[in-house]
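Student: Got a structure for you, written out below as structure tokens; questions coming shortly.
The values are calculated or read from the model by the stated rules, or taken from the named source; none is laboratory data. A quick note: this is a predicted structure, and the numbers were derived from the prediction, not measured. Using ideal geometry, Cβ is built from the backbone for each residue, glycine included, and neighbour counts are taken over all protein chains shown.
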Amino acid sequence: MNISTRPMTADEAIELHTETGARYEIVEGEPSEMAPAGGEHGGTEVRVASRLDRFVEDHPIGRVFAGEVLCRLKSDPDTARAADVAFMRTERLPNGRLPVGPVEGAPDLVVEIISPSDSAIEVQEKIAQWLEGGAVVVWTLYLRRRSVMIWRVTGASPELREDAEVDAEPVLPGFRCRARDLFIE
């Protein structure tokens, strides 16, 4: 598949990945190639996903997924963002299962692991798109500062570090951990 001048869809981005290995997010039909994640980023994804998955195993209300899963936030033209880690309630998934292709809609909880190369403007734009697309909670994890911010439609938390408590209310009632527990050593 060649990238043309017409708007790209989320399905085409996944098809292109299958053919070439390149990964894309799409904003208003415009593809943006994603760089591969580094080791620290990937390890943090596993750490966060495993903490959330353990909680969801004990409270089976949805599914946790990770690995830059493409989620279609808007159609015609598509805006599709890739979640580092996410959770979606079962009733929002087709037949209670994760789809083979892009996830339709924003997950209930989105976790964005912020790399040093991510600009503040890009991060803010992505948070706004997740929330406008229907996400209830967005966590941003800052690798260098080892800190977390929690975003909701009502605003952001203060920066959370070390022993500060991170929650996912109201998406995962009862989930709590320390900010430091979300990062690899």
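Student: So, R51, is that one at pLDDT 95 or above and within 19 Å of V166 (Cα to Cα) or not? Quick ask: steps written out before the conclusion?
Tutor: Details: at pLDDT 95 or above: yes; within 19 Å of V166 (Cα to Cα): yes.
In short, yes.
Student: Would you please list the contacts, defined by Cβ atoms under 8 Å and residues six or more apart or on different chains, that run from a residue in segment 73-85 that is touching a residue at least 12 places away in the same chain (Cβ under 8 Å) to a residue that is among the basic types (K, R)?
Tutor: L73/R81; D78/R72; T79/R72; A80/R72; R81/K126; A82/R23
Student: Give V48, V64 a once-over and let me know the one that is crowded, with 19+ Cβ neighbours inside 10 Å, touching a helix residue (DSSP H, G or I) at 6+ places or on another chain (Cβ under 7 Å) and assigned to a helix (DSSP H, G or I).
Tutor: When all the criteria are applied, what remains is V48.
Student: Counting just the residues of segment 13-38 that are over 17 Å from I114 (Cα atoms) and in contact (Cβ under 8 Å) with a residue 60 or more places away in the chain, which one comes out surrounded by the most Cβ atoms within 10 Å (Cβ to Cβ)?
Tutor: A13
Student: While we're here: If H41 passes every condition in (1) closer than 19 Å to Y142 by Cα; (2) in contact (Cβ under 8 Å) with a residue 40 or more places away in the chain; (3) crowded, with 21+ Cβ neighbours inside 10 Å but one, which one does it miss?
Tutor: Only one criterion is unmet by H41, namely (3).
Student: Mind counting the residues in segment 108-126 that are surrounded by 12 or more Cβ atoms within 10 Å (Cβ to Cβ) and of a type in the set (S, T, N, Q)?
Tutor: The number of residues fulfilling the criteria is 2.
Student: Ok, one more. Does segment 73-89 hold any residues that are of a type outside the set (A, V, I, L, M, F, W, C) and either surrounded by 13 or more Cβ atoms within 10 Å (Cβ to Cβ) or within 23 Å of A37 (Cα to Cα) (or both), and which are they?
Tutor: K74, P77, D78, T79, R81, D84, R89
Student: What are the pairs, 6+ residues apart or on separate chains, where a residue within segment 132-147 that is in contact (Cβ under 8 Å) with a residue 40 or more places away in the chain and more than 13 Å from V48 (Cβ to Cβ) has its Cβ under 7 Å from a residue that is not charged (D, E, K, R) and not in a loop (DSSP other than H, G, I, E, B)?
Tutor: Correct list of pairs: G133/L73.
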